[in-house]
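Taking it in order: structure first as structure tokens, then the write-up.
The values are calculated or read from the model by the stated rules, or taken from the named source; none is laboratory data. Note that this is a predicted model, so its numbers are computed, not measured. Heads up, the Cβs are rebuilt from the backbone with ideal geometry, glycines too, and the neighbour counts pull from every protein chain shown.
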Amino acid sequence: MQRKSRGDQPAPDRRTDQGGFRGRAPVAARSAETLPPEQVVAWRRRALDQQLPAAGFPAGSGVPSLVYLWATMFLVAAIVLGFAISHERAVPPAVVDSQRDNVSKVASSMRLTINHSVEDLDQRVASRPPSMPDAELSKQVVGDGTTWNRAAVVETASRRPLATYGPGLPFELLPPALPVNETFTITTPEGPALVHSIGLDGTRTLLAMQPLDIDEVRLSPDARQGVFLLTPDGKSTLMQGVSAVPEVHLPVVFRGLAQSKSIEGHPIRVTEWSNKQLVVSSAPVGETGATVATLIVADEAGGTSTTHGVLLGLTLLAMAVPSFLLMRVALVRPVRSLLKQAKANACGEVSGKRHPLRVAEAHRIARALTLTSGEPSNARGRRWRWRPTVTQGLVVATVLALLWPAAAAAVTLREPQPSIPDQLVRDEESRAEAASTLMGKALNNGLATVSRLSQAAEAGDPAQMTPLLEHELADKQRFRGLYVMDPSGSVVSSAGREPLRNESLRGEAGIDLDNQTARVPVVYAFRVAANGVAVVGEFNIDYLLNMLREVDGQVRVVDENLRTVFDSEGFRAFQELGGNARKAAGEALKGGTVGLAQAPDGRPVLIAAAGVNKPNTVAPLKWSLVVEQDLAGLRLPESDGRRWTLLVAGAAAGVVLLSQVWQYFIFARPLRRLAGEADRISDGSVEVPIPPQRHDDIGALAMCLEICRQVRHTGSSRLGGAIRLRGKEDDCTVVLPEVAQADADRAAPSPDDRADHYPADRDERD
């Protein structure tokens with residue numbers, strides 16, 4: 001038996017309907033002889049509805065416009081809620097973020113200093129002779145007292161001192177179980193102190209203590225700023241500045257910060273203060289248990305305007321509703337009205353008064369339906385008149401819907417940038433100073449490592465230094481390569497990557513920048529011993545950049561010629577620094593710290609620069625460090641309103657484009673193709689079938705039009721039938737010859753065999 005593809009005549013239907021008809025479907029020709037016309041039409045409509053696709057979500061032609069309306073209403077609620085949440089007066093979040101970032105840089109600088117002193121102590125203890133007496137070891141640990149000011153060798157179990165040097169250690173403040181090979185903090189009557197323990201053997205432990213100090217921080221007297229150091233015992237010590245609250249309230253203000261392992265920052269509302277709040281920020285100092293905290297009194301600022309948010313939401317809704325109605329008029333209403341007419345034509349129903357179809361594609365399809373179904377058309381004889389297409393209607397709806405996002409974005413971008421609070425300028429200066437100090441300490445620590453290796457090379461064989469160089473590289477990531485040179489300049493020992501330095505060493509020791517290498521900046525530390533043997537360490541660029549990337553904002557380091565040496569956001573080596581940052585960097589090279597809140601043209605900026613001159617070993621570099629903030633990222637109330645408006649405008653534009661693309665490609669284009677098929681039928685060509693390609697409203701229209709084409713081609717017996725959605729669009733169509741009724745009855749299978757011999761009928765029944 002030959003299988004029929006889409007476009008064939010209706011397949012046999014052996015169901016028995018409620019009217020008692022049995023046989024092939026449709027049976028309109030035989031039914032018309034025994035039933036009134038209205039019952040025949042009702043039977044055809046029932047059979048047609050069972051075979052046409054149901055346009056449920058998301059296949060219906062009205063779904064895209066509804067999704068657009070729902071999404072727009074969601075955006076309206078979002079923009080109103082976004083402006084309403086931040087409408088109260090409060091400390092600008094940008095100030096809290098700035099304080100949090102500054103305190104983290106102070107903690108990082110302290111951690112770097114502590115790590116260097118601990119590493120140096122561990123190296124000295126590890127390299128001591130095994131027979132060194134405990135008293136001599138304690139004396140060497142203290143040395144001149146610039147780092148560690150007291151030391152003791154004690155029994156690990158009983159903590160009984162075996163040898164001490166310097167002021168006695170406060171054993172009553174140490175933990176009950178003495179930690180071994182750990183670093184922890186305590187609070188002495190003189191202030192907070194750092195204790196480092198080193199296990200000498202199974203019974204003895206070396207304890208070394210040094211006072212904790214904080215690098216000088218640029219404080220704001222107007223904000224009554226103070227820097228505190230918190231220890232695990234719950235005590236707080238004012239290290240710099242003043243305390244904005246009485247000491248009795250400090251335990252409440254710092255509650256939970258000493259045990260926190262993360263960077264904290266939040267405002268606290270004080271009942272007695274008007275239009276001011278207390279901002280507390282804290283950051284842990286590595287694994288020492290100490291925490292740095294800052295307190296400032298910050299001014300409150302007005303929040304976003306709820307009225308402005310409501311106005312934006314109402315205007316968005318006012319533009320969305322007409323666009324939604326245009327979508328319904330241009331696509332949804334014509335398709336639904338046309339589908340209603342098409343179903344009536346496909347069932348042979350004589351319709352009454354019809355609504356005019358003012359869309360071109362719908363009018364062309366309706367004309368083809370009336371011509372093929374044989375129904376008299378009221379449109380015949382009328383003069384041609386212009387009708388808009390579906391695409392034109394959707395374009396107008398799109399333009400109308402995009403007016404609000406375009407206007408909102410234009411007005412928002414033309415608004416002046418918010419002014420920069422004074423506290424942010426001071427914080428930016430503190431950030432620049434802290435970053436420059438951190439960079440200086442990292443370079444100085446590298447120089448100290450090179451100096452220690454140089455002393456070892458001077459005392460031993462320079463050619464046997466490779467294992468020690470490799471140990472330094474594996475233990476720390478600050479160098480890309482270490483190498484030892486003899487007095488003639490030849491490398492005798494090396495570790496790491498190939499050297500990039502081209503210029504000769506200048507001086508006996510120091511940190512320098514190789515100006516003869518243009519591909520990457522080569523920063524190196526060196527020391528030339530008395531015997532002419534030199535040790536050189538080339539710094540790892542990524543190591544230095546990672547420190548800069550920890551600073552909030554774009555950080556650039558420039559030389560005395562204002563050429564870029566490092567840039568946290570990517571750079572080309574020795575590129576000229578330009579813009580407002582150049583002015584700030586030039587002023588910082590003269591000495592001091594410079595902060596800019598306004599550009600020469602009046603635009604607000606937030607830039608600070610500080611010279612890299614601490615410690616003294618890095619001052620000969622004549623570098624300047626510049627920190628520049630992106631104002632769009634500052635969390636100021638005015639900026640929050642701008643960002644929220646632009647975000648909603650972008651989302652609204654995206655929703656418009658998505659819904660229109662959906663309607664155009666899923667409905668408008670197929671409807672236009674179907675209108676082309678209808679024009680061909682209207683011109684008298686009814687030989688080529690119309691394949692139903694979709695399971696939606698357009699597919700149902702195509703089915704109804706195909707039924708009417710078959711009626712025009714074959715006769716009214718095709719009314720009420722529908723071709724099936726099977727096969728491919730380009731499958732050929734085979735018209736089978738008519739079979740006599742007697743032969744058809746003899747060839748019909750028994751009811752028991754129908755399910756096996758006619759799987760297509762079983763699908764149709766489903």
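Structure summary
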item: Only one of Asp101, Asp122 that is in contact with a strand residue (DSSP E or B) (Cβ under 8 Å, 6 or more places away or on another chain), among the acidic types (Asp, Glu), in contact (Cβ under 8 Å) with a residue 24 or more places away in the chain and over 30 Å from Ile698 (Cα atoms); result: Asp122
item: Hits in the stretch 320-347 (condition: closer than 15 Å to Val396 by Cβ and polar (S, T, N, Q)); result: Ser323
item: Residue ranges of strands (runs of 3 or more DSSP E) in the stretch 138-193 with at least 3 members more than 29 Å from Leu238 (Cα to Cα) and in the same structural domain as Gly289 (by TED's automatic domain parsing); result: 150-155, 161-165
item: Number of the exception - Leu326 against (1) farther than 29 Å from Val655 by Cα; (2) more than 29 Å from the chain's Cα centre (by Cα); (3) surrounded by fewer than 22 Cβ atoms within 10 Å (Cβ to Cβ); result: (1)
item: Test: residue in the stretch 449-472 that is crowded, with 17+ Cβ neighbours inside 10 Å, part of a strand (DSSP E or B) and in the same structural domain as Asn546 (by TED's automatic domain parsing); result: no
item: From the options Ala223, Ala177, residue that is farther than 24 Å from Leu257 by Cβ and under 51 Å from the mean Cα position of the chain (by Cα); result: Ala177
item: Subset of the stretch 678-725 (residues that are at pLDDT 80 or above, under 21 Å from Arg336 (Cα atoms) and among the aliphatic types (A, V, I, L, M)); result: Ala678, Ile690, Ile698, Ala700, Leu701, Ala702, Met703, Leu705, Ile707
item: Residue identified as in the same structural domain as Pro334 (by TED's automatic domain parsing) and touching a helix residue (DSSP H, G or I) at 6+ places or on another chain (Cβ under 7 Å) among Leu701, Leu658; result: Leu701
item: Some residue of the stretch 435-444 being in a helix (DSSP H, G or I), farther than 30 Å from Pro93 by Cα and in contact with a strand residue (DSSP E or B) (Cβ under 6 Å, 6 or more places away or on another chain); result: yes
item: Pick from the stretch 445-499, criterion of a type in the set (Val, Ile, Thr) and touching a residue at least 24 places away in the same chain (Cβ under 8 Å), ranking: nearest to Val523 (Cα to Cα); result: Val450
item: Residue in the stretch 194-234 that is modelled with the lowest pLDDT, counting only those that are part of a loop (DSSP other than H, G, I, E, B) and polar (S, T, N, Q); result: Ser220
item: Residues satisfying the stated conditions in the stretch 158-177, i.e. surrounded by 18 or more Cβ atoms within 10 Å (Cβ to Cβ) and not aromatic (Phe, Trp, Tyr); result: Thr164, Leu169, Leu174
item: Residue check for Arg563: surrounded by fewer than 19 Cβ atoms within 10 Å (Cβ to Cβ), in contact (Cβ under 8 Å) with a residue 12 or more places away in the chain and of a type in the set (Lys, Arg); result: yes
item: Residues that are touching a strand residue (DSSP E or B) at 6+ places or on another chain (Cβ under 6 Å) and buried (at least 16 other Cβ atoms within 10 Å of the Cβ), drawn from the stretch 180-198; result: Thr183, Phe184, Thr185, Ile186, Pro192, Ala193, Leu194, Val195, His196, Ser197, Ile198
item: Flag for Gly602 being in contact with a strand residue (DSSP E or B) (Cβ under 9 Å, 6 or more places away or on another chain) and assigned by TED's automatic domain parsing to the domain that holds Glu428; result: no
item: Strands (runs of 3 or more DSSP E) within the stretch 248-338 that include 3 or more residues farther than 19 Å from Ser86 by Cβ; result: 276-284, 291-299
item: Residue satisfying condition, being out of contact with any Lys or Arg (no Cβ under 7 Å at 6 or more places or on another chain), within 21 Å of Phe479 (Cα to Cα) and either in the same structural domain as Val450 (by TED's automatic domain parsing) or in a helix (DSSP H, G or I) (or both), within set Ala525, Ala530; result: Ala525
item: Every pair of residues 6+ apart whose Cβ atoms lie under 7 Å, when the first sits in the stretch 235-263 and is assigned by TED's automatic domain parsing to the domain that holds Asp97 while the second is assigned to a loop (DSSP other than H, G, I, E, B) and surrounded by fewer than 15 Cβ atoms within 10 Å (Cβ to Cβ); result: Ala258/Gly234
item: The stretch 546-590, residues that are in a helix (DSSP H, G or I) and in contact with a strand residue (DSSP E or B) (Cβ under 6 Å, 6 or more places away or on another chain); result: Leu548, Asn580, Ala581, Ala584, Ala585, Glu587, Ala588, Leu589
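Every residue, every condition in (1) more than 28 Å from Tyr483 (Cα to Cα); (2) among the acidic types (Asp, Glu); (3) modelled with pLDDT of 90 or more, yes or no:
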position: Ile541; (1), (2), (3): no, no, yes
position: Met547; (1), (2), (3): no, no, no
position: Val555; (1), (2), (3): yes, no, yes
position: Asp567; (1), (2), (3): no, yes, yes
position: Ala573; (1), (2), (3): no, no, no
position: Lys590; (1), (2), (3): yes, no, no
position: Gly602; (1), (2), (3): yes, no, no
